[in-house]
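One structure below.
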Amino acid sequence: MSLVAVKKIREGIESVILGKPEVVEKILAALFSGGHVLIEDVPGLGKTILARALAMTINADFKRIQFTPDLLPTDITGVAIFNQEKRAFEFREGPIFTNILLADELNRATPRTQSALLECMEERQISADGKTMTLPDPFFVIATQNPVEQQGVYHLPEAQLDRFLVQLTIGYPKHFIEMSILESQKKKHPIADVKAAASVSEILSIQQQVRNVYVDETISDYIVAIVEQTREHPSILLGASPRGSLALYRMSQAIAWMAGEEYVRPDAVKKLVLPVLRHRLILKPQARLGGLTPDQVLQDILEKTPVPVSRPPRGKESGE
């Protein structure tokens with residue numbers, strides 16, 4: 001029943017985000033993996049609509065924070081306010097207390113404000129007013145950032161970037177897709193017709209099922225070998241941490257589960273290397289000046305890493 005629900009979720013999101021099935025697939029995989037997504041692209045490509053459509057299809061609580069230079073950490077987490085009637089301070093929850101959080105234009109806020117998300121994203125809790133408060137489950141952040149070449153933006157620190165499971169770009173639609181977008185919005189926006197296809201409790205169940213997808217030792221070794229090469233490649237100054245290995249492992253499980261597979265195949269790992277690792281790398285200055293990008297370096301690593309033979313769980317080899 002879960003895979004049927006996932007199909008309906010995808011159809012609901014793809015009815016408003018036309019021509020981007022791979023983006024939708026990776027965002028759902030990140031949700032099922034229990035991680036967060038960073039989308040870097042120019043304004044107007046549907047990032048906000050995508051987050052809203054996802055929340056609607058799973059009937060989840062959704063909140064949006066518009067990051068600006070004057071935004072304070074307490075605007076995100078909440079603040080203690082003195083109640084004169086009770087003669088005591090009361091904590092008023094901020095927008096971080098939600099299931100789906102859209103952190104819009106994250107890199108327009110100051111580093112101090114950006115850091116307010118660190119504990120929330122990693123530990124699913126906040127510490128404020130001397131107390132630790134747990135965030136709703138699931139808690140899923142879709143953050144957007146403008147390309148760093150634009151004015152008025154701050155670079156996200158490495159610690160912040162590393163907490164995103166994947167970094168994606170949506171990209172401009174093709175000509176015929178953009179024609180379809182115009183046609184679909186003649187009278188109203190298609191998001192008005194998006195219906196709930198699953199519940200929050202079903203998403204939590206899916207997350208548990210994803211964790212049970214079999215990963216053979218040869219696949220784990222393949223994942224670690226790729227990540228290790230990011231630390232040794234001559235064009236990379238700072239490679240991926242063990243968190244990058246775990247992210248690639250979890251996302252591979254989610255992609256395999258969404259495809260109805262009982263175990264992870266090497267192809268699932270290969271298709272995820274770029275979105276999972278690209279934002280975790282820092283290239284050497286001479287590599288950047290030479291025009292190299294993290295994606296190009298990762299492609300080079302993939303070509304040089306031997307691909308293992310996929311093996312199903314023991315006792316199911318005969319079904320291959």
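The values are calculated or read from the model by the stated rules, or taken from the named source; none is laboratory data. Just so it is clear, the model here is predicted, and its values are computed rather than measured. Here the Cβ is made from the backbone with ideal geometry for all residues, glycine too, and neighbour counts use every protein chain on show.
Annotation note: of 204, 238, 246, the sole residue that is among the aliphatic types (A, V, I, L, M), closer than 24 Å to residue 123 by Cβ and in contact with a Pro (Cβ under 7 Å, 6 or more places away or on another chain) is 204. Taking each residue of region 170-199 that is on the phi > 0 side of the Ramachandran plot and looking for partners that are part of a loop (DSSP other than H, G, I, E, B) and modelled with pLDDT of 90 or more with beta-carbon atoms closer than 9 Å, six or more apart or interchain, yields 171/20.
Does residue 286 satisfy being under 21 Å from residue 22 (Cα atoms) and not aliphatic (A, V, I, L, M)? No, not satisfied. Summed over region 244-265, the residues that are touching a residue at least 24 places away in the same chain (Cβ under 8 Å) and not in a helix (DSSP H, G or I) give a count of 6. Taken as a whole, the condition of being touching a Leu at 6+ places or on another chain (Cβ under 8 Å) and over 24 Å from residue 292 (Cα atoms) does not apply to residue 244.
Results for (1) out of contact with any helix residue (DSSP H, G or I) (no Cβ under 6 Å at 6 or more places or on another chain); (2) farther than 28 Å from residue 10 by Cα; (3) assigned by TED's automatic domain parsing to the domain that holds residue 158; (4) among the small types (Gly, Ala, Ser), shown as yes or no for each residue.
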site	(1), (2), (3), (4)
239	no, yes, no, yes
256	no, no, no, yes
267	yes, no, no, no
272	no, no, no, no
277	no, no, no, no
291	yes, yes, no, yes
301	no, yes, no, no
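Selection of region 226-243 for residues being touching a residue at least 60 places away in the same chain (Cβ under 8 Å), part of a helix (DSSP H, G or I) and among the aliphatic types (A, V, I, L, M) yields only 226.
Those helices (runs of 4 or more DSSP H) of region 126-225 in which 3 or more residues are more than 28 Å from residue 70 (Cβ to Cβ) and in contact with a Ser or Thr (Cβ under 9 Å, 6 or more places away or on another chain) occupy 200-211.
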